[in-house]
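Visitor: Please see the structure below; I have some questions.
The values are calculated or read from the model by the stated rules, or taken from the named source; none is laboratory data. Note that the structure is predicted; figures quoted are calculated from it, not measured. Reconstructed Cβ throughout: ideal geometry from the backbone, glycine too, with neighbour counts over all protein chains shown.
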Amino acid sequence: MKRKVLFAALILMALALILSFGCAKKKITPTGELPSAPPASRTPAEEVTQPEVKAQETPAPVEEEPGAELTAAAAKLKDVFFAFDDYALTEEAREILAGNGKILSQTPKLNVVIEGHCDERGTVEYNLALGEKRANSAKSYLVNYGISQSRISVISYGKERPFDPGHDESAWAKNRRGHFAIQK
Amino acid sequence: MLVIFAPLWAVAADQPEVRLEIRTSQTISIRIYMRKFYAMGTGGLGRQASDFEKIVTSDLQLSGLFEVLQAPGGDLDSFLGGFKNRVASREEVMVEGRVSAEGDKLVFEGRIFDIAGRKTILNKRYRFVGPALRAAAHRFSDEIVSELTGEKGIASTSIAFVSNLSGSKEIYVMDYDGYGEKQVTRERSICLSPHWSPDGQRIAYTSYSSGNPDLHVVGRYGGKPYTVSSFKGLNSSPAWSPDNKKIALTLTKDGNAEIYVLNVDGSGVRRLTSHPGIDSSPSWSPSGRQIAFTSDRSGSPQVYVMEADGSNVRKLTFSGSYNDSPTWSPKGDRIAYASRLGNNFQIFVADISGANPVQLTSSGGNNENPSWSPDGRQLVFSSSRGGKRDIYAMNADGSNVRRLTSQGDNFSPSWSPRSEQD
């Protein structure tokens, strides 16, 4: 009973306040009953903000294209393939690399980048390292073959740029590769 | 126009602060009755009130700390009357709230009411623009968790991850519950392995935008990234140190994948490992004194632990042919990792000695890249169980798995620390 009296007093006080300002256009009508609360200064509102995400623009790069002769020679370079979680060169890979070494020695202006790639199994980070090991295996062979190491750079794409997007052994086998491209 | 708020659920100054004892997730002993949140005034804010209530209810349920029940609608006195002369088996509180308009902003007022004690134990008021409603609701949820358990909540945390939604692999950030996904980088290249700074303000990641996998850092709300390191070869798998000053990462600048530590400005590069095998994926212990990492020095990838200066390397995982992505729990007592089982990867968690490995996932597809919530009660990870990779979260015991992303290829999640403002 005492509570209800207190509550009514509160409402009256609030109304009096609103009227004293003389512009109570909005009538406050709570749609649910509130139990009595001791009168106290209202809790200050905390500002909740929503920060904006800023876009970052990168300028479009200008790329120089290699000449037709180099493109033709580079097109003859073959990719080498690897076993799962392995960067050792197979007998087949050595034969392919010997062929690539011949083309490179006949085309002294052709500088290449060997991209190391992996299949989708295993983590992003481990595969980045594995891809680089694969590319370096191929590079080491070519350097031993007699190609200047200044003509060969390596980069690993791990499992981020699969040649075959499939999820089976046939796709995986294609994706475990050292891919040859012209150095830009 | 002047809008006046009558004093509402203010806490009297002479009331003792009520703090219930700290609970663990195993003993859920606080019951929360959610009263229907309502709109005040004529602004037609019913949907906002209902959204606010849904978000808070979901947050409280996801916390794993409470039993959350819907309170019956209608008169409050009769609801509370039902608790008279009843001995509660657990602490029981009621949460209610209301939304009103104040100029072009919204105001939420909410409180926790202790049912047995018949008093308000928390009273909060937030003012915000419409799009910040989710953030305001998460703030209120965190206040409830903090008030009732003494532990900070995680409802205001975020998850960074990689997505190809824009056409190239970029860093994205979303709320911990999967809402509010935003693209943070626009490098139009390949961005990988995001990891938060401990202050929650920046994200380190690997970017191919220069043609080489360099280490970049970007603000959590985007903007122009800066390059921390661009050594020839890999600058990959960054892990920000707990003191915010250093980053551990994998570099191949010396010819082989080794773990290094450098300052956040790229200076002071120091090599920690020295082995012809692959060393990768460092994760700091919360004390900053140790680092877990992956190495294939035994012939296959396994998880190892070393001191932060590179000394005292010891093997943590012994079963399984492929264990990777170690991540140290925030309390420092456990390490989660991904382990290959048959043809699939599953998430495991073990003691830091490697003892007591427990398998947390058992789905088809690959479950990888676990990352702990800052309270250590949950893990976020990527899984291809649905046919493509998406981000999932689960309780740290493997229960309550839920998918957080749906569009595109999504992977490598990193759970943010609690934000500074909390």
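Visitor: Can you pull out the residues in the stretch A:141-184 that are part of a helix (DSSP H, G or I) and aromatic (Phe, Trp, Tyr)?
Guide: Correct list: A:TYR141, A:TYR145, A:TRP172.
Visitor: Looking only at the stretch B:184-205, filter to residues that are more than 8 Å from every other protein chain (Cβ to nearest Cβ) and of a type in the set (S, T, N, Q); which one of those is nearest to B:VAL162 (Cα to Cα)? Lay out the reasoning, then the answer.
Guide: Step one: filter the stretch B:184-205 for residues more than 8 Å from every other protein chain (Cβ to nearest Cβ), giving B:189, B:191, B:194-205.
From what's left, of a type in the set (S, T, N, Q): B:189, B:197, B:201.
On the way: B:SER189: 12, B:SER197: 17, B:GLN201: 18 Å.
Step by step, filter the stretch B:184-205, then rank; the result is B:SER189.
Visitor: Sticking with this structure for a sec: Any residue at all in the stretch B:39-62 that's over 23 Å from B:VAL107 (Cβ atoms) and either more than 11 Å from every other protein chain (Cβ to nearest Cβ) or modelled with pLDDT of 85 or more (or both)? Steps first, please.
Guide: Quick first cut of the stretch B:39-62, residues over 23 Å from B:VAL107 (Cβ atoms) only: B:61-62.
The next check asks that each one be either more than 11 Å from every other protein chain (Cβ to nearest Cβ) or modelled with pLDDT of 85 or more (or both); those that pass are B:61-62.
For the stretch B:39-62, residues over 23 Å from B:VAL107 (Cβ atoms) and either more than 11 Å from every other protein chain (Cβ to nearest Cβ) or modelled with pLDDT of 85 or more (or both): present.
Visitor: Moving to a separate point now. Restricting the search to the stretch B:68-118, which residues are without any contact (Cβ under 8 Å) to a residue 40 or more places away in the chain, within 13 Å of another protein chain (Cβ to nearest Cβ) and basic (Lys, Arg)?
Guide: B:LYS105, B:ARG118, listed by residue number.
Visitor: Can you find, within the stretch A:134-163, the residue that is farthest from the other protein chains (Cβ to nearest Cβ) among those that are closer than 15 Å to B:ALA257 by Cα and touching an Asp or Glu at 6+ places or on another chain (Cβ under 9 Å)?
Guide: Looking only at the stretch A:134-163, we keep the residues that are closer than 15 Å to B:ALA257 by Cα, and these are A:134-137, A:154-158.
With touching an Asp or Glu at 6+ places or on another chain (Cβ under 9 Å) added as a condition, the list becomes A:134-135, A:154-158.
Working: A:ARG134: 11, A:ALA135: 10, A:VAL154: 8, A:ILE155: 7, A:SER156: 6, A:TYR157: 7, A:GLY158: 8 Å.
Among those residues, the one meeting the criterion is A:ARG134.
Visitor: Related question: Looking at this structure, is B:VAL184 crowded, with 24+ Cβ neighbours inside 10 Å and under 19 Å from A:GLY158 (Cβ atoms)? Write out each step before concluding.
Guide: Details: crowded, with 24+ Cβ neighbours inside 10 Å: yes; under 19 Å from A:GLY158 (Cβ atoms): no.
Here the answer is no, as B:VAL184 does not meet what is asked.
Visitor: Within the stretch A:85-130, how many residues turn out to be within 14 Å of chain B (Cβ to nearest Cβ), exposed (fewer than 14 other Cβ atoms within 10 Å of the Cβ) and either touching a Lys or Arg at 6+ places or on another chain (Cβ under 6 Å) or assigned to a helix (DSSP H, G or I) (or both)?
Guide: Within the stretch A:85-130, residues that are within 14 Å of chain B (Cβ to nearest Cβ), exposed (fewer than 14 other Cβ atoms within 10 Å of the Cβ) and either touching a Lys or Arg at 6+ places or on another chain (Cβ under 6 Å) or assigned to a helix (DSSP H, G or I) (or both) number 0.
Visitor: In the stretch B:314-347, what residues are over 17 Å from the mean Cα position of the chain (by Cα), on the phi < 0 side of the Ramachandran plot and loosely packed, with under 14 Cβ neighbours inside 10 Å?
Guide: The answer is B:ARG314, B:PHE318, B:SER319, B:SER321, B:ASP333, B:ASN343.
Visitor: Turning to a different aspect of this structure: Criterion first (of a type in the set (Val, Ile, Thr), closer than 18 Å to B:GLU92 by Cβ and at the interface with chain A (Cβ under 10 Å from one of its Cβ atoms)) does B:THR149 satisfy it? It would help to see each step written out before you state the result.
Guide: Values: of a type in the set (Val, Ile, Thr): yes; closer than 18 Å to B:GLU92 by Cβ: yes; at the interface with chain A (Cβ under 10 Å from one of its Cβ atoms): no.
When the stated conditions are applied, B:THR149 does not pass them.
Visitor: Shifting gears a bit: For the structure I just gave you, tell me whether A:PHE82 is surrounded by 17 or more Cβ atoms within 10 Å (Cβ to Cβ), aromatic (Phe, Trp, Tyr) and closer than 28 Å to B:TYR205 by Cβ.
Guide: Details: surrounded by 17 or more Cβ atoms within 10 Å (Cβ to Cβ): yes; aromatic (Phe, Trp, Tyr): yes; closer than 28 Å to B:TYR205 by Cβ: yes.
Yes; evaluated as a whole, the condition is true for this residue.
Visitor: Where in the stretch B:55-162 are the strands (runs of 3 or more DSSP E), entirely inside, with at least 2 residues that are surrounded by fewer than 17 Cβ atoms within 10 Å (Cβ to Cβ)?
Guide: Details: elements: B:66-70, B:91-102, B:105-114, B:119-128.
Filter on the stretch B:55-162 gives B:66-70.
Visitor: Every residue in the stretch B:206-225 that is within 11 Å of chain A (Cβ to nearest Cβ) and assigned to a strand (DSSP E or B), please. First the steps, then the outcome.
Guide: Step one: of the stretch B:206-225, the residues within 11 Å of chain A (Cβ to nearest Cβ) are B:206-213, B:216, B:218-225.
Of everything in the stretch B:206-225, those that are within 11 Å of chain A (Cβ to nearest Cβ) and assigned to a strand (DSSP E or B) turn out to be B:THR206, B:SER207, B:HIS216, B:VAL218, B:GLY219, B:GLY222, B:GLY223, B:LYS224, B:PRO225.
Visitor: Looking only at the stretch A:162-184, which residues are surrounded by fewer than 18 Cβ atoms within 10 Å (Cβ to Cβ) and basic (Lys, Arg)?
Guide: A:LYS174, A:LYS184
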